[in-house]
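Trainee: Please find one structure pasted underneath; my questions will follow.
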Amino acid sequence: VLWGDPHVSVFDRSVAVDKSSVPILGMYQSGDFWLVKSQDVSIQGRYGPTRWTGGLSALLSLAVGGPFLRGHTLVIEPMEKGKITWDGKEVLQAMPSELFINGFLNVTFHGEEDNHLIDPGQGHLPLRTVTAQLPKLVDLTVNRWSRHIDAIIKMRPLPGGQDGHCGTFDHDPSDDTQDQINARIGGEVSAAETLFGAWPEALGPHGAGIESMGEKTLSDCQPKLRQEAERRCKAAHKALSGVISSKEVFEACVFDVCFGGKEFAAEDAAT
């Protein structure tokens, strides 16, 4: 699951008995990165800052390709100035609409009549969702917001292994820390491997135009601001559920409030 600025819940967290023991990752870089990298399945995320995220990165678009799609590429972008493309050609322009290839894939674009909201903190906004059933039991749910997207990727562990920001899916969450993932897959996707094409000029070099805050940690938050962020996050969690689901979710909320603004408290509490 990828949401917000963006936080990533790796595959192994979804199957862990104690989910609170598996950290939620905060990917605050700007650029194109591997979400799932394997011999057959390629899924990439484009991260960059938006005005909504107060300078923090968000998931700006999602691209899927590789041999399992027979060399085709599906790209999903936000609603404002974004589009859905199949091999570079815009598809699913109307809502509802469907891209169906018998025995191969089914991609639909639909609205609020189908409840696929990923981040309840965005529930006050019109919901626009892409769902995709792809080969190898890869399923996507993508909420298209004005300037960013949230995504759920569902699949089985892939033969030959996999890696990326969504983790190794080897049922061992201990090898899916942010540092370990970055050490294994390196930085941005190479120009030769990118599924997106060139970085949009409108964003400038990797999101310039809205200053990217780079990689920060909670230790970079000013003490008084952190105290206020903790207070807001506790209040937001209490209002929604009465409990804080995990230390990692709470710290993700505190980080977002510190560097993105107080509106993140309600969003993250609802996630």
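Trainee: Hey, among 207, 214, 186, 197, which residue is at pLDDT below 75, loosely packed, with under 15 Cβ neighbours inside 10 Å and at positive phi?
Mentor: 214
Trainee: Quick check on segment 133-150: of everything there that is more than 20 Å from residue 91 (Cβ to Cβ) and assigned to a loop (DSSP other than H, G, I, E, B), which residue is nearest to the chain's Cα centre (by Cα)?
Mentor: Here is the first cut: in segment 133-150, the residues more than 20 Å from residue 91 (Cβ to Cβ) are 136-137, 146-148, 150.
Keeping just the survivors that are assigned to a loop (DSSP other than H, G, I, E, B) gives 146-148.
Values: 146: 15, 147: 13, 148: 9 Å.
Among them, the one singled out is 148.
Trainee: Give the number of residues within segment 167-203 that are under 22 Å from residue 75 (Cα atoms) and touching a strand residue (DSSP E or B) at 6+ places or on another chain (Cβ under 6 Å).
Mentor: If we filter segment 167-203 for residues that are under 22 Å from residue 75 (Cα atoms), which is where we start, we get 167, 185, 187-203.
Those still in the list that are touching a strand residue (DSSP E or B) at 6+ places or on another chain (Cβ under 6 Å) too: 185, 188-189, 194-196, 203.
Selection size over segment 167-203: 7.
Trainee: Output the residue which, of all residues in segment 11-44 that are out of contact with any helix residue (DSSP H, G or I) (no Cβ under 8 Å at 6 or more places or on another chain), modelled with pLDDT under 95 and hydroxyl-bearing (Ser, Thr, Tyr), is farthest from residue 192 (Cα to Cα).
Mentor: Top of the filtered list is 14.
Trainee: Being acidic (Asp, Glu), within 15 Å of the chain's Cα centre (by Cα) and farther than 17 Å from residue 65 by Cα, is that true of even one residue in segment 117-132?
Mentor: Kept after step one, since they are acidic (Asp, Glu), are these residues of segment 117-132: 119.
From what is left, the residues that are within 15 Å of the chain's Cα centre (by Cα) are 119.
Going one step further and asking which of them are farther than 17 Å from residue 65 by Cα, we end up with 119.
So far as segment 117-132 goes, yes, one or more of its residues are acidic (Asp, Glu), within 15 Å of the chain's Cα centre (by Cα) and farther than 17 Å from residue 65 by Cα.
Trainee: Please count how many residues of segment 135-168 are of a type in the set (Ser, Thr, Tyr) and at pLDDT 90 or above.
Mentor: The number of residues fulfilling the criteria is 2.
Trainee: Continuing with the same structure: Need the failing condition index for residue 57 against (1) at pLDDT 85 or above; (2) surrounded by 24 or more Cβ atoms within 10 Å (Cβ to Cβ), just the number.
Mentor: Going through (1) at pLDDT 85 or above; (2) surrounded by 24 or more Cβ atoms within 10 Å (Cβ to Cβ) one by one, residue 57 breaks only (1).
Trainee: Of the residues 92, 137, which is out of contact with any Cys (no Cβ under 9 Å at 6 or more places or on another chain), on the phi > 0 side of the Ramachandran plot, loosely packed, with under 13 Cβ neighbours inside 10 Å and not charged (D, E, K, R)?
Mentor: Working: 92 fails: loosely packed, with under 13 Cβ neighbours inside 10 Å.
The conditions single out 137.
Trainee: Does segment 141-149 contain at least one residue that is exposed (fewer than 15 other Cβ atoms within 10 Å of the Cβ), of a type outside the set (Lys, Arg) and either within 17 Å of residue 35 (Cα to Cα) or in contact (Cβ under 8 Å) with a residue 24 or more places away in the chain (or both)? Spell out the reasoning first.
Mentor: Within segment 141-149, the first condition is being exposed (fewer than 15 other Cβ atoms within 10 Å of the Cβ), and the residues that meet it are none.
Scanning segment 141-149, I find no residue that is exposed (fewer than 15 other Cβ atoms within 10 Å of the Cβ), of a type outside the set (Lys, Arg) and either within 17 Å of residue 35 (Cα to Cα) or in contact (Cβ under 8 Å) with a residue 24 or more places away in the chain (or both), so the answer is no.
Trainee: Restricting attention to segment 91-113, report how many residues are over 18 Å from residue 146 (Cα atoms), within 22 Å of the chain's Cα centre (by Cα) and of a type outside the set (A, V, I, L, M).
Mentor: Summing the residues that are over 18 Å from residue 146 (Cα atoms), within 22 Å of the chain's Cα centre (by Cα) and of a type outside the set (A, V, I, L, M) in segment 91-113 gives 2.
Trainee: Scan segment 151-160 and give yes if some residue there is over 16 Å from residue 61 (Cα atoms) and among the basic types (Lys, Arg), otherwise no.
Mentor: yes
The values are calculated or read from the model by the stated rules, or taken from the named source; none is laboratory data. Being a predicted model, the structure only gives us computed values, none of them experimental. So basically every Cβ, Gly included, is an ideal-geometry build from the backbone, and we count neighbours across all protein chains shown.
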